[in-house]
Amino acid sequence: MYSICILLLVLVTKDCSSQDDEGPYRGKFIGKLNSYHHQVSGDVYAVDDWTILLVDFNYDGTGDDTFFWAGDSGRPGPLGFIVADQHGKTNILERYNNEEVQLKLPDGKRVSRITWLAVYDLASQNAFGDVFVPDEFEAPAPRALTPLVAAPGAKLSSQPLKFLDASTFIIPELHYDGSGEEVYFWTGVGPQPSSRGIKIPDEDGYLEPLRAYSGEDVRLTLPGGRTVFDVDWVALWDARARAALGAALVPDALNVPPARARPLPRAAALPRCRQLHRDYQVSWEIHGNQITIQLAALLDEDEYMAFGISGSTSGSRMLGADVAVAWFDQRLQRGLATDYNISALAPCVQVLGQWRGVCRDDRLGGLDSHQVLSASRDGGLTVVRYRRGLQPAEDLDREWPTDRSVFVVWAIGRLDHVQEPAFHRLWPASDTQLVLKQKDDDSDCVDFTAGARARPAGWERAELFDPALRVFRAALGPAGGARGLAARGRAAPARAWYVNGQLAPDLQLRRGLAYTFLVGGGDDPHSAELYHPLVLTAERHGGLERLDDAAQRAVRVLAGARPTRRGRLSPAAAGALCVAERAPGADARRDAFDTFRAFNRSLRWSCAGRFAPLTVTPNSSWPDRVYYHSFTHADMGGRIFVVDRHRRNIAKAGATPLSPPAVVVSLALALALALGSRR
């Protein structure tokens, strides 16, 4: 059996004063404020070498010319400098009543190099309260441990682990071949890793078996608000073999900065609970022939969480699934858990007169089987509780069996402009099973950790402005995840238009000149996923096929569609499918490419058949800004700047706003869509 004892080579100085015995860890304790006047009191901590935290700070606010004041002289006096308040201001201090105040020292100053901090009145040159920094004070800072020590035969290595703060650490240059079927990041207490530990979510928050790593710096956060003071080791744990592949000890009382993210207690979960992702958990309770389900997730205001029964009895499959799409309507202050059926991996769209895709049951002629019981949103945590029957109430519903394990599906994504679920940003890559009548103590949910979600920088948007350019080749490709269309402030689809090889670029068309779009978005109208005629409109979303008659009539179509005898629009430019796909084995959930050029080089193109030409000639009636779209799906395209002369960086310079008629059309379209979504 692999033993962690060989890791006793850890050389990290222990400092018991770095951990407060009561309450949350706040940093290294400096001391209590000595109180002389004006009711000054409080505890003082060093968060790091540049930041001071005052806890339970009091001051009556009646001083004439009073500031936070620090210096390196013997005692507080005029030879010092102002420390800005918690707002970064150097105004005269106002009243504080048992408050927590974080102060940043001015540039060039450090906690370890000052002698004292005071509440000091410049007018009277008196300290109303002060605290002295101990000699040889060492402020909290990131601390290195040892590398992961691999078990015999394990193909695993790293550079020394580093704790950046009390909960966040990095495994630099991690090498792991990914061969284990059930290997996880793992932590716990005791002299060595054991099965009594818990999973650490991976760098993207997933709790599924680890992929291969090839020299990557992996940034992880201890789960459930745990800190370095709550664990004794971190490891890569093989759950099937019940053994650690490699591990590192965590020394006691590590002198590191406090965790930036704060724990968010779970919201009164039902008895049985499953952590689906670092930011998402589901809990449930069964009463008779009904099941009560509570979904809780850290979401942005415009995001949804989906959960339901898989479309397959042999794995977690979205196709054919029966799911709830839950979110909190901030405007109406109510929660929703709408019943959806997934008949195709596409937004809900009409295919030869029939609705296909991710569609509400009531749109398909069924009933919404979900009854919302309660909902809340606080600090970014959205909680929706609903009830439904275990047995299907109609053909669109699936059974929730209690006599065996059941495969489920889940996702988190953004709502589109008509508050329908767009393509998700989080979803599982491996099968997820629940035992609905499991023992209560089998639940694995932990507290959420609140904090700003890391958002990768978006790729630069290309601009095709060459005056000699008259032909645009439009094909399909991945929308690029968080760095692609999602970074442009929209609910991104799974696929997008690639024009002349660029991801939904800005185009410039000059009035009076003829341009040809060669369209390769698929010409099979039976396909809900891969049928994308090109259309140019004056509104910014597209997806005309999903609109009702009134909403379609509100759209000004400039090219690519014409009305039929029944008054519905019909596409005019549907060419053979030309589509790019990610390389085999690539994980679409991960942002592995810093530039679009690198991402584009990784794609595999497949084109068959002839492109369909669409010729347009902009004239004076066209607005200064129009858009190219898919006729069937929304938000796949980009902007077209209609100009009298071409110029570079037209978008950055600021284009002419929409003309009044275009604004009226946009408002009318929004109203029609809102009314249609409530039918």
Note on the range 203-222: residues open to solvent by 10 Å² or more (accessible area, probe 1.4 Å) and not basic (Lys, Arg) are Glu203, Asp204, Leu207, Glu208, Pro209, Leu210, Ala212, Ser214, Gly215, Glu216, Asp217, Thr221
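Residue by residue, here is whether (1) touching a Leu at 6+ places or on another chain (Cβ under 6 Å); (2) closer than 17 Å to Lys109 by Cβ; (3) outside any strand (DSSP E or B) holds:
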{"position": "Gly31", "(1), (2), (3)": "no, no, no"}
{"position": "Ile52", "(1), (2), (3)": "yes, yes, no"}
{"position": "Asn58", "(1), (2), (3)": "no, no, no"}
{"position": "Asp64", "(1), (2), (3)": "no, no, yes"}
{"position": "Ser73", "(1), (2), (3)": "yes, yes, yes"}
{"position": "Pro76", "(1), (2), (3)": "no, yes, yes"}
{"position": "Ile82", "(1), (2), (3)": "no, yes, no"}
Would you check if there is a residue in the range 593-600 being at pLDDT 95 or above, surrounded by fewer than 18 Cβ atoms within 10 Å (Cβ to Cβ) and charged (D, E, K, R)?
-> yes
Verdict on Trp459 being touching a residue at least 40 places away in the same chain (Cβ under 8 Å) and either more than 23 Å from Cys607 (Cβ to Cβ) or in a loop (DSSP other than H, G, I, E, B) (or both) = yes
What residue, of Pro428, Pro493, Pro421, Pro505, is in contact with a helix residue (DSSP H, G or I) (Cβ under 8 Å, 6 or more places away or on another chain) and at negative phi?
-> Pro493
Those residues that are outside any loop (DSSP other than H, G, I, E, B) and either open to solvent by 40 Å² or more (accessible area, probe 1.4 Å) or modelled with pLDDT under 95 (or both), I need them from the range 383-405; list them, please.
-> Arg385, Arg387
Can you give me the number of residues within the range 361-382 that are assigned to a loop (DSSP other than H, G, I, E, B) and within 17 Å of Phe307 (Cβ to Cβ)?
-> 4
State which residue is farthest from Ser158 (Cα to Cα) when the search covers only the range 248-304 and only residues that are of a type in the set (Gly, Ala, Ser) and open to solvent by less than 10 Å² (accessible area, probe 1.4 Å).
-> Ser283
Starting from the range 363-389, keep only residues that are within 15 Å of Gln294 (Cβ to Cβ) and touching a residue at least 60 places away in the same chain (Cβ under 8 Å), then list their pairs with residues that are of a type in the set (A, V, I, L, M, F, W, C) and in a loop (DSSP other than H, G, I, E, B) whose Cβ atoms are within a distance under 6 Å, requiring at least 6 positions of separation or different chains.
-> Thr382/Leu299; Val383/Ala267
Inspect the range 531-541 for any residue being part of a strand (DSSP E or B), surrounded by fewer than 23 Cβ atoms within 10 Å (Cβ to Cβ) and either in contact with a helix residue (DSSP H, G or I) (Cβ under 6 Å, 6 or more places away or on another chain) or free of Cβ contacts under 8 Å to residues at least 24 places away in the same chain (or both) and give the result as yes or no.
-> no
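Residue-wise test of (1) farther than 19 Å from Ala504 by Cα; (2) touching a Leu at 6+ places or on another chain (Cβ under 8 Å).
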position	(1), (2)
Gly567	yes, no
Arg590	yes, no
Phe596	no, yes
Thr617	yes, yes
Please state which of the following conditions His175 fails to meet, knowing it meets all the rest: (1) in contact (Cβ under 8 Å) with a residue 24 or more places away in the chain; (2) open to solvent by 50 Å² or more (accessible area, probe 1.4 Å); (3) farther than 14 Å from Ala247 by Cα.
-> (3)
Can you tell which of Gly311, Gly315 is touching a residue at least 12 places away in the same chain (Cβ under 8 Å), assigned to a loop (DSSP other than H, G, I, E, B) and open to solvent by less than 10 Å² (accessible area, probe 1.4 Å)?
-> Gly315
Got a number for residues in the range 84-104 being surrounded by fewer than 15 Cβ atoms within 10 Å (Cβ to Cβ) and part of a loop (DSSP other than H, G, I, E, B)?
-> 7
Filter the range 33-50 for residues that are among the aliphatic types (A, V, I, L, M) and in a strand (DSSP E or B); which is most open to solvent (accessible area, probe 1.4 Å)?
-> Val47
Condition test on Leu569, is it in contact with a Pro (Cβ under 7 Å, 6 or more places away or on another chain), more than 25 Å from Trp459 (Cβ to Cβ) and buried (at least 18 other Cβ atoms within 10 Å of the Cβ)?
-> yes
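This table checks each residue for (1) assigned to a strand (DSSP E or B); (2) within 20 Å of Arg483 (Cα to Cα); (3) aromatic (Phe, Trp, Tyr).
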position: Ala580; (1), (2), (3): yes, yes, no
position: Gly585; (1), (2), (3): no, yes, no
position: Arg590; (1), (2), (3): no, yes, no
position: Trp605; (1), (2), (3): yes, no, yes
position: Tyr627; (1), (2), (3): yes, no, yes
State which residue is nearest to the chain's Cα centre (by Cα) when the search covers only the range 221-241 and only residues that are part of a loop (DSSP other than H, G, I, E, B) and more than 24 Å from Leu276 (Cβ to Cβ).
-> Val228
Restricting attention to the range 183-202, and to residues there that are open to solvent by 50 Å² or more (accessible area, probe 1.4 Å) and not hydrophobic (A, V, I, L, M, F, W, C), which single residue is nearest to Ala450 (Cα to Cα)?
-> Lys199
Taking the range 510-530 and keeping residues surrounded by fewer than 22 Cβ atoms within 10 Å (Cβ to Cβ) and more than 33 Å from the chain's Cα centre (by Cα) leaves Arg510, Arg511, Gly512, Leu513, Ala514, Tyr515, Thr516, Leu518, Asp523, Asp524, Pro525, His526
When every residue in the range 542-565 that is of a type outside the set (A, V, I, L, M) and outside any loop (DSSP other than H, G, I, E, B) is compared, the one most open to solvent (accessible area, probe 1.4 Å) is Arg553
Apart from one, (1) in a loop (DSSP other than H, G, I, E, B); (2) over 29 Å from Pro24 (Cβ atoms); (3) open to solvent by less than 70 Å² (accessible area, probe 1.4 Å) all hold for Val446; the odd one out is (2)
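The values are calculated or read from the model by the stated rules, or taken from the named source; none is laboratory data. The structure displayed is predicted, hence computed values, not measured ones. Note that each Cβ is placed from the backbone with ideal geometry, even for glycine, and that neighbours are counted across all protein chains shown. We work out accessible area using only protein heavy atoms, side chains counted, and drop any ligands, DNA or RNA first. Shrake-Rupley method; radii C 1.70, N 1.55, O 1.52, S 1.80 Å.
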